[in-house]
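Asker: The structure follows.
The values are calculated or read from the model by the stated rules, or taken from the named source; none is laboratory data. What you see is a predicted model, and the numbers here were worked out from it, not measured in a lab. Here Cβ is always computed from backbone atoms with ideal geometry, including for glycine, and neighbour counts include all displayed protein chains.
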Amino acid sequence: MTHAFPSDSVGLVVGVANKRSISWAIAQAAAAAGARLALTYQGARLEENVRELAATLDDPLLAPCDVTSDAEIDALFAAIAARYGRLDFLVHGVAFAHRDDLDRPFVETSREGFRRALDVSAYSLVALARGAAPLMAERGGSILTLSYLGAERVFPNYNVMGVAKAALESSVRYLAADLGPKNIRVNAISAGPIKTLAASGISGFSSILQTYRDRAPLRRTVDAAEVADAAVFLLGPAGRAVTGEVLLVDGGYHAMGL
Ligand SMILES: NC(=O)c1ccc[n+]([C@@H]2O[C@H](COP(=O)([O-])OP(=O)(O)OC[C@H]3O[C@@H](n4cnc5c(N)ncnc54)[C@H](O)[C@@H]3O)[C@@H](O)[C@H]2O)c1
C-alpha cells in the first residue's frame, strides 16, 4: 500500500475529546496514511477518553494541553522534541465559547466571553504554530485548523464563535505569510455541520443540519471521515503548493444563494 505521508512523518493532533471529534477522524486517517502521531487531551476529565482512543494507534505520544496555558504548550513541544526530534504537521481542532454567549443575542456577548472565545478558538492557533515551527525547520511542515462558514455569514446562535472563526481564518493567512518562507504551510478546512460535543453547545443545531440536507448541492451533510480525507491532502505532500487557504468541505452549501 502506498502512503500519503513519507514513512517517518510525525504529526501532532490537538482537539480530540472523544470518538466523534473531527480531530479523531483526522488522527485515524493520518495514521492510516502512514504518520506517527502525538495526541493531546484537555485536562484530566478527558484523559481517559483520549487514552482509550490512542491505544488503537501505533504507540502515539500522549500529553496534556490546555491551550490557554503557555506552560503546557511549552511542555508539549519539549516532549515532542525529546521523542521525535521534529514535526511534519499540526492539526488544530480546538474551539470554545461560553454557553450563555451562544444562547443570548450576539449584542449581549460579555467582555470575558468574547476574550475567552477568541483566546481558546483563535489565539491558540498562533501559540501552537509558534511552538511547532522550530520543529519543522529542517523539512518544512503543514499546519491545519478547522473553521466554519459562520466566520463569513450569520448563523443562528453561532454568535461569538463566528467572530472567533473570522479571527482564526485571518490568522491562517497571516501565519501562512510569516511561515511560508520556511516552507511551512498553514490552511483551514471550513467543514459543514457535524454532530460532535462542540456542536451540542449550539442550540438549533439539528435545524442547521436539515438546512444543509435541503439546500447543499450534494443534498446531504458531511461526516468527519470526509473532512479527514481533505485534511490528509492538505497535511501531506499532495497539498505542497497550497497555503493560506480555507477549503470548504460542506457538500457545496457555501456556493448557494437561495
Ligand atoms: N462539528 C461541527 O459542526 C464543526 C463544523 C466546522 C468546524 N468545526 C470545528 O472543528 C473543531 C473541532 O470540533 P468538533 O466539532 O470536533 O468538537 P469536539 O468537541 O470534539 O472538539 C473540540 C475540542 O476543543 C477542545 N478544547 C476546548 N477548549 C480547550 C482548551 N482550553 N484547551 C485545549 N483544548 C480545548 C476540546 O477538548 C475538544 O477536544 C472546532 O474548532 C470546531 O469549531 C466543527
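Asker: Just to be sure, is GLY113 surrounded by fewer than 24 Cβ atoms within 10 Å (Cβ to Cβ) and within 23 Å of SER200 (Cα to Cα)? Break it down stepwise before answering.
Answerer: Values: surrounded by fewer than 24 Cβ atoms within 10 Å (Cβ to Cβ): yes; within 23 Å of SER200 (Cα to Cα): yes.
Here the answer is yes, as GLY113 does meet what is asked.
Asker: Follow-up question, since we're still on this one. On the basis of being more than 14 Å from the ligand (Cβ to nearest atom), within 21 Å of SER147 (Cβ to Cβ) and at pLDDT 95 or above, does ALA17 make the cut? Give the steps one after another, and end with the answer.
Answerer: Numbers: more than 14 Å from the ligand (Cβ to nearest atom): no; within 21 Å of SER147 (Cβ to Cβ): yes; at pLDDT 95 or above: yes.
Taking the combined requirement at face value, the residue does not satisfy it.
Asker: Still on this structure, please answer the following. Of these, ALA238, ALA230, which one is away from the ligand (no atom under 16 Å from the Cβ) and either assigned to a helix (DSSP H, G or I) or among the β-branched types (Val, Ile, Thr) (or both)?
Answerer: Details: ALA230 fails: away from the ligand (no atom under 16 Å from the Cβ).
Just a single option satisfies the conditions, and that option is ALA238.
Asker: Can I ask one more? From SER203, SER142, which residue is touching a helix residue (DSSP H, G or I) at 6+ places or on another chain (Cβ under 8 Å), surrounded by fewer than 18 Cβ atoms within 10 Å (Cβ to Cβ) and touching a residue at least 40 places away in the same chain (Cβ under 8 Å)?
Answerer: Details: SER142 fails: surrounded by fewer than 18 Cβ atoms within 10 Å (Cβ to Cβ).
Selected residue: SER203, the only one of SER203, SER142 that is touching a helix residue (DSSP H, G or I) at 6+ places or on another chain (Cβ under 8 Å), surrounded by fewer than 18 Cβ atoms within 10 Å (Cβ to Cβ) and touching a residue at least 40 places away in the same chain (Cβ under 8 Å).
Asker: Next up: May I ask you to list the residues in region 40-77 that are touching a helix residue (DSSP H, G or I) at 6+ places or on another chain (Cβ under 8 Å), assigned to a loop (DSSP other than H, G, I, E, B) and surrounded by 14 or more Cβ atoms within 10 Å (Cβ to Cβ)?
Answerer: LEU57, PRO60, CYS65, ASP66, VAL67, THR68
Asker: Can you find a residue that is farther than 21 Å from ALA81 by Cβ, within 15 Å of the ligand (Cβ to nearest atom) and assigned to a helix (DSSP H, G or I) anywhere in region 124-136? Show your work before the answer.
Answerer: Step one: list which residues in region 124-136 are farther than 21 Å from ALA81 by Cβ, which gives none.
Checking region 124-136: not a single residue is farther than 21 Å from ALA81 by Cβ, within 15 Å of the ligand (Cβ to nearest atom) and assigned to a helix (DSSP H, G or I).
Asker: Next question, about the same structure. So is ALA188 among the hydrophobic types (A, V, I, L, M, F, W, C), outside any helix (DSSP H, G or I) and within 14 Å of ALA122 (Cα to Cα) or not? Outline the logic, then answer.
Answerer: On the way: among the hydrophobic types (A, V, I, L, M, F, W, C): yes; outside any helix (DSSP H, G or I): yes; within 14 Å of ALA122 (Cα to Cα): yes.
Taking the combined requirement at face value, the residue satisfies it.
Asker: Do we find that ALA63 is hydrophobic (A, V, I, L, M, F, W, C) and within 14 Å of the chain's Cα centre (by Cα) in this structure?
Answerer: Details: hydrophobic (A, V, I, L, M, F, W, C): yes; within 14 Å of the chain's Cα centre (by Cα): no.
It is false that ALA63 is hydrophobic (A, V, I, L, M, F, W, C) and within 14 Å of the chain's Cα centre (by Cα).
Asker: Which of the residues belonging to region 241-258 are outside any loop (DSSP other than H, G, I, E, B) and either of a type in the set (S, T, N, Q) or surrounded by 13 or more Cβ atoms within 10 Å (Cβ to Cβ) (or both)? Write out each step before concluding.
Answerer: Taking region 241-258 as the starting set, the residues that turn out to be outside any loop (DSSP other than H, G, I, E, B) are 246-249, 253-255.
VAL246, LEU247, LEU248, VAL249, TYR253, HIS254, listed by residue number.
Asker: Just to check your reading of the model, which residue among LYS195, LYS165 is at pLDDT 95 or above and either crowded, with 19+ Cβ neighbours inside 10 Å or away from the ligand (no atom under 12 Å from the Cβ) (or both)? It would help to see each step written out before you state the result.
Answerer: Working: LYS195 fails: either crowded, with 19+ Cβ neighbours inside 10 Å or away from the ligand (no atom under 12 Å from the Cβ) (or both).
Of LYS195, LYS165, the one residue that is at pLDDT 95 or above and either crowded, with 19+ Cβ neighbours inside 10 Å or away from the ligand (no atom under 12 Å from the Cβ) (or both) is LYS165.
Asker: Inspect region 203-218 for any residue being more than 9 Å from the ligand (Cβ to nearest atom) and among the aliphatic types (A, V, I, L, M) and give the result as yes or no.
Answerer: Applying the first criterion (more than 9 Å from the ligand (Cβ to nearest atom)) to region 203-218 yields 203-204, 206-207, 210-218.
Those still in the list that are among the aliphatic types (A, V, I, L, M) too: 216, 218.
Within region 203-218 (the criterion being more than 9 Å from the ligand (Cβ to nearest atom) and among the aliphatic types (A, V, I, L, M)), the answer is yes, since at least one residue qualifies.
Asker: With respect to GLU138, determine if the residue is out of contact with any strand residue (DSSP E or B) (no Cβ under 8 Å at 6 or more places or on another chain) and among the charged types (D, E, K, R).
Answerer: On the way: out of contact with any strand residue (DSSP E or B) (no Cβ under 8 Å at 6 or more places or on another chain): yes; among the charged types (D, E, K, R): yes.
So GLU138 passes the test.
Asker: Next question. So in region 137-158, with the set limited to residues that are away from the ligand (no atom under 12 Å from the Cβ) and of a type in the set (A, V, I, L, M, F, W, C), which one is farthest from ASP101 (Cα to Cα)? Full working, then the answer.
Answerer: If we filter region 137-158 for residues that are away from the ligand (no atom under 12 Å from the Cβ), which is where we start, we get 137-143, 152-154, 156-157.
Filter once more, keeping what is of a type in the set (A, V, I, L, M, F, W, C): 137, 143, 154.
On the way: ALA137: 40, ILE143: 29, VAL154: 15 Å.
Per the stated criteria, the residue is ALA137.
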